[in-house]
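Here the structure is laid out as structure tokens; the discussion comes afterwards.
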Amino acid sequence: MLSAMLWLADGSVAAGPTDKPSVLVPVIVVGQFSDGQRAQIREAVDEWNRALNGHIRFEIQPDTGAPKVWAVTATKSPMNNKKEALAQTMALPAGGGLVFVYLDRFGTRNLAGVMLHEFGHVLGLQHDGGHDLMSATYNPYDQKCVDYAAAAQVATLYSLPIEELRWCGEAPTSH
Ligand SMILES: [Zn+2]
């Protein structure tokens, strides 16, 4: 079956007549991130957009005070927090939410990998028991891209055909 998704010359995506409109996830980046860290956040956004294949799309927007956005914010780690948490994602009841990034805990860890995991939570994904992107434990080797387990959660949550998502690495079954 041919995809009804049309790629426009400017890189934006338009749904064909038979498609549901793609879901836009607006993201703003606020706080004391360096240019390099902002680039790593963009890297995570790009990887998710590649994997989501136009069905859902993250978009980094300027902070205009618009409601229902996801704000990625650099914060000092809270004392009462689990010590190993590098970041935390919190949905707000009205829509959108906050992604707190505890930069003081990062050391040499890669922000792009951590953001890939947190953007999974933004989409509503839960931790799974595997050694993969949505594992509860940070692991730089298993969290480089959107893998099958993460894509499968997205497919279930958003009622999307898994074969229309572009996960990385091995799938447990052929497709
Ligand atoms: Zn998590």
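Being part of a loop (DSSP other than H, G, I, E, B) and within 13 Å of the ligand (Cβ to nearest atom) is the filter; apply it to segment 83-94 and report the residue that is farthest from Ile56 (Cα to Cα). Steps first, please.
Step one: of segment 83-94, the residues part of a loop (DSSP other than H, G, I, E, B) are 83-86, 92-94.
Checking the rest, the ones that are also within 13 Å of the ligand (Cβ to nearest atom) come to 84-86.
Details: Glu84: 30, Ala85: 27, Leu86: 25 Å.
If we take residues in segment 83-94 being part of a loop (DSSP other than H, G, I, E, B) and within 13 Å of the ligand (Cβ to nearest atom), then Glu84 is farthest from Ile56 (Cα to Cα).
Return yes or no: is Arg50 touching a residue at least 60 places away in the same chain (Cβ under 8 Å), under 15 Å from Cys145 (Cα atoms) and surrounded by fewer than 19 Cβ atoms within 10 Å (Cβ to Cβ)?
Yes: the conditions hold for Arg50.
Regarding segment 148-159, can at least one residue be identified that is surrounded by fewer than 19 Cβ atoms within 10 Å (Cβ to Cβ) and not in a helix (DSSP H, G or I)?
Yes - at least one qualifying residue is present in segment 148-159.
Just give me the residues in segment 95-145 being closer than 15 Å to Glu84 by Cβ, more than 10 Å from the ligand (Cβ to nearest atom) and part of a strand (DSSP E or B), in sequence order.
Phe100, Val101
Go through segment 81-118 and report how many residues are touching a Leu at 6+ places or on another chain (Cβ under 8 Å), surrounded by fewer than 14 Cβ atoms within 10 Å (Cβ to Cβ) and closer than 28 Å to Glu170 by Cβ.
Going through segment 81-118 one residue at a time, the tally reaches 1.
Can you name the number of the only condition in (1) in contact with a strand residue (DSSP E or B) (Cβ under 7 Å, 6 or more places away or on another chain); (2) away from the ligand (no atom under 15 Å from the Cβ) that Leu52 fails?
Leu52 satisfies all of (1) in contact with a strand residue (DSSP E or B) (Cβ under 7 Å, 6 or more places away or on another chain); (2) away from the ligand (no atom under 15 Å from the Cβ) except (1).
To keep it simple, each residue is scored yes or no on (1) charged (D, E, K, R); (2) at pLDDT 95 or above.
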site: Asp19; (1), (2): yes, no
site: Gly31; (1), (2): no, no
site: Gln40; (1), (2): no, yes
site: Ile56; (1), (2): no, yes
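Conditions first: (1) out of contact with any Ser or Thr (no Cβ under 8 Å at 6 or more places or on another chain); (2) surrounded by 17 or more Cβ atoms within 10 Å (Cβ to Cβ). His121 passes all but one, so which condition is the exception?
(1) is the only condition that His121 fails.
State whether the residues of segment 131-151 include one that is under 17 Å from Ser22 (Cα atoms), in contact with a helix residue (DSSP H, G or I) (Cβ under 7 Å, 6 or more places away or on another chain) and of a type outside the set (Ser, Thr, Tyr). Walk me through how you get there before you give the answer.
Of the residues in segment 131-151, the ones under 17 Å from Ser22 (Cα atoms) are 151.
After this cut, where a residue has to be in contact with a helix residue (DSSP H, G or I) (Cβ under 7 Å, 6 or more places away or on another chain) as well, the list is 151.
Next, from what is left, pick out any that are of a type outside the set (Ser, Thr, Tyr): 151.
There is at least one residue in segment 131-151 that is under 17 Å from Ser22 (Cα atoms), in contact with a helix residue (DSSP H, G or I) (Cβ under 7 Å, 6 or more places away or on another chain) and of a type outside the set (Ser, Thr, Tyr).
The values are calculated or read from the model by the stated rules, or taken from the named source; none is laboratory data. Worth saying up front: this structure is predicted, and the values here are computed from it rather than measured. Positions of Cβ are backbone-derived with ideal geometry, glycine not excepted, and every protein chain shown enters the neighbour counts.
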